[in-house]
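Report on the following structure.
The values are calculated or read from the model by the stated rules, or taken from the named source; none is laboratory data. Source: prediction; values computed, not measured. Quick reminder, even Gly has a Cβ in these numbers, built from the backbone with ideal geometry, and neighbours come from all protein chains shown. Just so you know, the surface numbers come from the protein's heavy atoms only, side chains and all, with ligands and any DNA or RNA stripped out. Shrake-Rupley method; radii C 1.70, N 1.55, O 1.52, S 1.80 Å.
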Amino acid sequence: LEAGVCIHLNDGPQTTAMKTMGAGWVRIDMNWNIMEAQQDRWDFTPFDRTIYNAKRAGLQVFASIGYSPGWASSNGMMNGVPNQARWENFVRTAVSRYKNDVRVFGIWNEPNLSQFWAGSAQQYVDVLLRPAYAIIKSIDPSLYVAGPDLAMLSSATISAVDFMKVVRQTGG
């Protein structure tokens, strides 16, 4: 049994402490709205640094990809349904860059909470999950695709159980 910890983006001391405490995995945010805040202007620096520090500490990386930049979002916010072609471009770019350092890619953080996903469970499957899965597997069939990364809160917009029912019923 290996333990893991979720961090956001950091400069290294946390990852070293996590390894010392016995963690084998770290879950990081790989936010599109940071990586490509402006269309076609990529900034990999915080992700490169975080992944480097995790790997240097001997941790495996689970990257949760998601969050629309305003320019690609249906509502101008990070929780909006992204333009599908732009989402696919982001997934392809991020996974191609990090495929040798990240073996597991989660698709979107807590899409059952409205502050993180304004779309429906069906849109999650159709716009995010299926296309991301196909792209990730086309880049490297040995990579793992995880998700949805659901919140188990009673205040969720849709319960984790109901969300998973939709994912399962629609072949997600």
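Which condition does Asn109 not pass, out of (1) touching a residue at least 40 places away in the same chain (Cβ under 8 Å); (2) open to solvent by less than 20 Å² (accessible area, probe 1.4 Å), if it passes all the others?
Single failed check for Asn109: (2).
Which ones in region 123-150 are open to solvent by less than 30 Å² (accessible area, probe 1.4 Å) and either at pLDDT below 95 or part of a helix (DSSP H, G or I) (or both)?
Tyr124, Val125, Val127, Leu128, Leu129, Pro131, Ala132, Ile135, Ile136, Ala146, Pro148, Asp149
Quick check on region 151-170: of everything there that is of a type in the set (Val, Ile, Thr) and part of a helix (DSSP H, G or I), which residue is farthest from Leu129 (Cα to Cα)?
Val161
Condition first: under 15 Å from the mean Cα position of the chain (by Cα) and under 22 Å from Arg130 (Cα atoms). Can you find one or more residues in region 40-50 that meet it?
no
Kindly provide the set of residues from region 151-167 that are among the hydrophobic types (A, V, I, L, M, F, W, C) and loosely packed, with under 13 Cβ neighbours inside 10 Å, ordered by number.
Met152, Leu153, Val161
Is it true that Val95 is more than 30 Å from Arg56 (Cα to Cα), part of a helix (DSSP H, G or I), at pLDDT 95 or above and touching a helix residue (DSSP H, G or I) at 6+ places or on another chain (Cβ under 8 Å)?
So Val95 does not fit the description; no.
Consider only pairs whose beta carbons are under 8 Å apart and that are at least six residues apart or on different chains; among these, list those whose first residue lies in region 145-164 and is more than 13 Å from Glu110 (Cβ to Cβ) and whose second residue is acidic (Asp, Glu) and surrounded by 17 or more Cβ atoms within 10 Å (Cβ to Cβ).
Within 8 Å, no pair qualifies.
Scan region 61-90 for residues that are part of a helix (DSSP H, G or I), open to solvent by less than 20 Å² (accessible area, probe 1.4 Å) and under 19 Å from Ala121 (Cβ atoms) and report the count.
Final tally of qualifying residues: 1.
Take Gly106 and decide whether it is part of a strand (DSSP E or B), of a type in the set (Gly, Ala, Ser) and at pLDDT 95 or above.
yes
Could you list all residues from region 22-59 that are modelled with pLDDT under 90, assigned to a strand (DSSP E or B) and crowded, with 18+ Cβ neighbours inside 10 Å?
Ala23, Val26, Arg27
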